[in-house]
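Here's the structure, in structure tokens; my notes come after.
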Amino acid sequence: MSRKTIFVDSDILVIGGGMAGCGATYESRYWGRDLKIVCVEKANIERSGAVAQGLYAINCYMGMHWNENQPEDHVRYARNDLMGLVREDLGYDIARHVDATVHKFEEWGLPIMKDPKSGRYQREGKWQIMIHGESYKPIVAEAARKAATEVYNRIMVTHLLMDSKRPNRVAGAVGFNVRTGDFYVFRAKAVIVAAGGASHIFKPRAVGEGMGRTWYAPWSSASAYALPLLAGAKMTQMENRIVLTRFKDGYGPVGAYFLHLKTYTQNAYGQDYEAFWRDSIEKMVGDYVNHHPVPTCLRNHALLEEVKAGRGPIRMVTKEAFKDPHKETVGWENFLGMTIGQAVVWASQNIDPKEINPELTTSEPYVMGSHATCSGAWASGPEDYAPPEYQWGYNRMMTVEGLFGAGDTIGGTAHKFSSGSFTEGRIAAKAAVRYINDLGNDGPEVNEREYTELRKVVYQPLENYRVGRNEIVAGTVSPSYLLPLSGLQRLEKIMDEYVGGISAHYTTNEPLLTRGLELLAMLKEDLDHLGAPDLHQLQRAWELQHRFLASECVTQHTLFRQETRWPGYYYRADHPKLDDKDWHCFTLSRYDRQSGQWEMEKAPVYHIID
Amino acid sequence: MPTFVYMTNCDGCGYCVDICPSDIMHIDTTYRRAFNVEPNMCWECYSCVKACPQQAIDCRGYADFAPLGHSVRVLREEEKATVSWRIKFRDGREKNFVSPIRTTPWGSIKGPSDYAQPTSAAMRSQELAHEPETLKVEALPTLARSRFKKGLV
Ligand SMILES: Cc1cc2nc3c(=O)[nH]c(=O)nc-3n(C[C@H](O)[C@H](O)[C@H](O)COP(=O)(O)OP(=O)(O)OC[C@H]3O[C@@H](n4cnc5c(N)ncnc54)[C@H](O)[C@@H]3O)c2cc1C
Ligand code: SF4
Ligand code: SF4
């Protein structure tokens with residue numbers, strides 16, 4: 001089959017048209033009126049990314065003009081929740097801009113609920129406001145489409161391209177069209193990676209047909225980490241995977257239940273268990289357990305210990321709250337607005353929370369940068385105040401020149417959520433425009449050999465299948481190729497058993513991690529033999545490659561940090577306590593594409609002091 | 001709940017194929033109608049269900065934990081700017097909900113080029129588009145560099 005090679009030249013290339021990517025596209029045009037701005041997306045930006053089914057809350061809003069919160073308050077909140085370790089310069093930056101983003105969303109037509117008495121946005125909690133967000137993504141996508149020179153849907157980006165003149169400078173990206181099979185070479189002066197987080201790194205609880213019912217979307221495929229890693233960018237806090245306490249099986253959100261509906265949890269015998277575990281937690285982590293609110297990981301830990309002690313299942317007490325018809329409506333609409341699958345689970349199992357207190361469970365771990373977790377790329381901070389060690393160029397530029405990131409892609413900045421991700425996209429875009437203006441005529445150049453070689457690599461799984469398929473009669477088992485699903489399940493099993501997944505009770509140690517790395521090394525070799533019967537499976541093959549690299553990175557980081565910083569997310573059984581003396585720091589990794597080796601280092605944490 | 005398509009309703013228009021974020025709604029080459037090619041990569045996000053003009057797509061809860069006999073139906077009406085839901089329990093109980101989805105006409109968002117060109121002073125500042133007005137506070141907050149201290153505090 002003849003596949004065309006299509007060249008697309010631009011000034012700014014935005015990879016991923018989710019929340020951060022749409023923010024980046026909009027802002028690029030505002031500052032770069034004459035620039036060519038291209039957004040490339042593997043799905044359709046109308047309904048792509050983690051917000052595809054909508055959201056029922058915006059979880060990051062200060063309300064500065066009502067004097068509800070100031071950016072510094074948010075920094076302290078995120079710092080406490082992440083057990084002391086966040087990039088406070090980056091977090092402050094998002095917090096000081098985020099209100100403007102949310103006000104714009106309202107102007108664009110996003111229905112934000114109002115408190116009938118005060119007329120202000122209806123608060124769900126201190127940081128959250130409630131929305132009717134079924135069309136959150138279509139609205140944001142409309143703004144991005146108005147801004148972009150071109151939007152390319154259904155193109156899976158596989159690799160970044162590097163400048164042939166300067167080795168540490170980005171020059172674009174390559175990918176393939178999932179419908180036509182054509183090869184795309186995007187040449188750009190600046191690249192903004194906004195490709196979302198990572199699900200299906202660890203084995204999920206749901207099996208078989210239900211495998212797609214992960215908390216984070218099954219299409220969150222770790223490209224946000226793999227693309228920069230392959231280009232030599234540094235990652236931070238990749239060990240800080242997140243585990244979520246959610247309603248059982250559907251992973252329906254609990255935020256509105258705790259904060260707005262005032263429901264609460266108890267063990268199988270109707271007892272409050274969180275207080276029971278407080279003292280033992282203090283022995284592990286010290287004073288961090290006394291922070292308010294109690295850090296997310298520690299609340300998970302109490303739940304896990306209670307279940308291990310044989311007093312499960314843990315239930316959310318909803319019967320009282322759901323007597324109020326308003327609260328009942330909020331409870332259901334909360335699911336219909338962002339996790340429809342939970343409504344289906346309850347309907348199928350006859351669970352009416354008015355009569356039954358539903359079960360909670362902890363999810364498999366996820367890798368992402370925008371929730372109560374902060375894995376992602378190591379980025380330069382804002383020009384006006386970032387400490388010198390956090391600043392080597394333009395805001396949100398990674399350690400590779402011209403390569404920017406936002407949303408789940410950027411590490412160290414927990415609790416940005418949908419609004420903060422969009423905001424960070426805007427921050428990165430303005431910096432990218434400034435970078436391009438400063439470049440003048442010294443733009444990057446793409447070497448033909450580089451993309452010609454990549455073209456061969458990208459389609460190899462189709463070739464592997466074509467050749468290997470002739471050896472066997474039919475079926476999925478071949479001695480010479482591995483289907484993407486088989487490879488994915490091997491990856492998930494290794495991560496689950498050796499790197500702290502559900503079946504290991506989130507526990508690992510040095511011998512397990514070392515063995516895990518050996519098994520990952522063999523899987524890596526086998527990934528050269530991925531076989532894809534069609535273009536759809538070719539997309540799955542590349543998603544798997546990206547997940548693999550992110551997983552290896554997570555494993556290296558978990559091995560490097562010799563402490564248990566976030567019990568409830570994972571445990572290093574050989575270093576069971578939090579150790580502020582040696583590990584009050586960020587962990588950084590860098591991957592060498594040529595040698596396949598990882599370099600690890602520590603970076604300092606700077607705090608805002610009062 | 002992975003999706004499935006009713007043979008008699010689908011006319012093969014391809015809207016579901018175009019929208020599915022997981023790229024799993026495909027057109028069957030024999031029947032020229034859509035089907036879910038990879039149910040275990042379905043997030044039950046309902047994007048395809050909402051997009052189908054024929055209401056040909058439905059979901060059946062994941063076989064590994066959802067007993068049969070339930071249904072969650074949706075109708076998204078852009079002109080009315082509402083989304084309506086009907087939840088049917090296995091035991092026959094029913095719940096209905098309607099929510100607004102947008103407060104402005106579709107397509108009405110002003111693009112960034114419709115605003116006055118920013119000044120070069122604005123370009124050099126830390127302000128983003130439409131700031132500080134859209135922040136609704138006088139000025140964009142900032143910090144003194146000296147407020148940052150290294151290590152444990
Ligand atoms: C169930 C759930 C509930 C949530 N609840 C809330 C809430 O109540 N409030 C809130 O504010 N936030 C909430 N969030 C968080 C919010 O959705 C995320 O913080 C936000 O979407 C992150 O933005 P992003 O742009 O980094 O990633 P995404 O929005 O996921 O966008 C990433 C984009 O990149 C594309 N992409 C990925 N790889 C490639 C590739 N290789 N090539 C091309 N394109 C690619 C994807 O298709 C996608 O469009 C929730 C998330 C989930 C899943
Ligand atoms: S429900 Fe969502 S993931 Fe499933 S087929 Fe439809 S659009 Fe795709
Ligand atoms: S959108 Fe509906 S009618 Fe059109 S192809 Fe899909 S299932 Fe068939």
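The values are calculated or read from the model by the stated rules, or taken from the named source; none is laboratory data. Predicted model only: the values in this text are computed from it and were never measured. Because the Cβ atoms are built from the backbone with ideal geometry, glycine has one as well, and the counts that use them run over all protein chains shown. These area figures cover heavy atoms from the full protein model, side chains too; ligands, DNA and RNA do not enter into them. Shrake-Rupley method; radii C 1.70, N 1.55, O 1.52, S 1.80 Å.
Values as computed for the structure displayed
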| read-out | value |
| --- | --- |
| Breaking point among (1) within 30 Å of A:Gly500 (Cβ to Cβ); (2) within 14 Å of chain B (Cβ to nearest Cβ), for A:Ala347 | (1) |
| Per-region count, region B:111-153, residues at the interface with chain A (Cβ under 7 Å from one of its Cβ atoms), closer than 24 Å to A:Ala143 by Cα and not in a loop (DSSP other than H, G, I, E, B) | 5 |
| Matching residues, region A:35-55, being near ligand 1 (Cβ under 6 Å from one of its atoms) and either on the phi > 0 side of the Ramachandran plot or among the hydroxyl-bearing types (Ser, Thr, Tyr) (or both) | A:Ser48, A:Gly49 |
| Check on A:Ala256, among the hydrophobic types (A, V, I, L, M, F, W, C) and either in contact with a Lys or Arg (Cβ under 9 Å, 6 or more places away or on another chain) or without any contact (Cβ under 8 Å) to a residue 40 or more places away in the chain (or both) | no |
| Residue among B:Tyr46, B:Tyr31 that is within 16 Å of ligand 1 (Cβ to nearest atom) and among the aromatic types (Phe, Trp, Tyr) | B:Tyr46 |
| Any hit, region A:342-360, residues being near ligand 1 (Cβ under 10 Å from one of its atoms) and under 21 Å from A:Asp408 (Cβ atoms) | no |
| Some residue of region A:502-512 being touching a helix residue (DSSP H, G or I) at 6+ places or on another chain (Cβ under 6 Å), assigned to a loop (DSSP other than H, G, I, E, B) and of a type in the set (Gly, Ala, Ser) | no |
| Selection from region B:56-76 of residues that are hydrophobic (A, V, I, L, M, F, W, C), in a strand (DSSP E or B), more than 9 Å from chain A (Cβ to nearest Cβ) and open to solvent by less than 20 Å² (accessible area, probe 1.4 Å) | B:Ile57 |
| Residue tally, condition surrounded by 15 or more Cβ atoms within 10 Å (Cβ to Cβ) and assigned to a loop (DSSP other than H, G, I, E, B), over region A:580-610 | 2 |
| Unique match (being more than 17 Å from A:Asn44 (Cβ to Cβ), modelled with pLDDT of 95 or more and within 16 Å of ligand 3 (Cβ to nearest atom)) among B:Val98, B:Val74 | B:Val74 |
| Residue that is within 16 Å of ligand 2 (Cβ to nearest atom) and of a type outside the set (S, T, N, Q), where the choices are A:Tyr251, A:Tyr273, A:Tyr269, A:Tyr264 | A:Tyr251 |
| Qualifying residue in region A:392-407 (condition: modelled with pLDDT under 95 and among the small types (Gly, Ala, Ser)) | yes |
| Filter result (of a type in the set (Lys, Arg) and either more than 7 Å from every other protein chain (Cβ to nearest Cβ) or part of a loop (DSSP other than H, G, I, E, B) (or both)) within region B:77-110 | B:Lys80, B:Arg86, B:Arg90, B:Arg93, B:Arg102, B:Lys110 |
| Matching residues, region A:260-280, being touching a Gly at 6+ places or on another chain (Cβ under 9 Å), open to solvent by less than 20 Å² (accessible area, probe 1.4 Å) and in contact (Cβ under 8 Å) with a residue 60 or more places away in the chain | A:Leu261 |
| Matching residues, region A:37-50, being within 13 Å of chain B (Cβ to nearest Cβ) and out of contact with any Gly (no Cβ under 7 Å at 6 or more places or on another chain) | A:Ile37, A:Lys42, A:Ala43, A:Asn44, A:Glu46, A:Arg47 |
| Number of the condition not met by A:Gly369 [criteria: (1) touching a helix residue (DSSP H, G or I) at 6+ places or on another chain (Cβ under 6 Å); (2) at the interface with another protein chain (Cβ under 8 Å from one of its Cβ atoms); (3) not aliphatic (A, V, I, L, M)] | (2) |
| Some residue of region A:118-135 being touching a Gly at 6+ places or on another chain (Cβ under 8 Å) and within 16 Å of ligand 2 (Cβ to nearest atom) | yes |
| Residue satisfying condition, being assigned to a helix (DSSP H, G or I), away from chain B (no Cβ under 14 Å) and either in contact (Cβ under 8 Å) with a residue 12 or more places away in the chain or not hydroxyl-bearing (Ser, Thr, Tyr) (or both), within set A:His326, A:His301 | A:His301 |
| Failed item in (1) open to solvent by less than 60 Å² (accessible area, probe 1.4 Å); (2) outside the structural domain of B:Pro21 (by TED's automatic domain parsing), with B:Val153 passing the rest | (1) |
| Which numbered condition A:His103 fails, given (1) farther than 22 Å from A:Thr236 by Cβ; (2) more than 19 Å from the chain's Cα centre (by Cα); (3) more than 9 Å from every other protein chain (Cβ to nearest Cβ) | (3) |
| Residue in region A:428-464 that is farthest from the chain's Cα centre (by Cα), counting only those that are within 14 Å of chain B (Cβ to nearest Cβ) and either of a type outside the set (D, E, K, R) or within 23 Å of A:His536 (Cβ to Cβ) (or both) | A:Asn437 |
| All strands (runs of 3 or more DSSP E) inside region A:144-259 with 1 or more residues being open to solvent by 10 Å² or more (accessible area, probe 1.4 Å) and of a type in the set (A, V, I, L, M, F, W, C) | A:150-152, A:155-162 |
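Residue by residue, here is whether (1) over 28 Å from A:Gly16 (Cα atoms); (2) near ligand 2 (Cβ under 8 Å from one of its atoms); (3) touching a helix residue (DSSP H, G or I) at 6+ places or on another chain (Cβ under 6 Å); (4) of a type in the set (Phe, Trp, Tyr) holds:
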site: B:Val17; (1), (2), (3), (4): no, no, no, no
site: B:Pro21; (1), (2), (3), (4): no, yes, yes, no
site: B:Tyr31; (1), (2), (3), (4): yes, no, no, yes
site: B:Pro53; (1), (2), (3), (4): no, no, no, no
site: B:His70; (1), (2), (3), (4): yes, no, yes, no
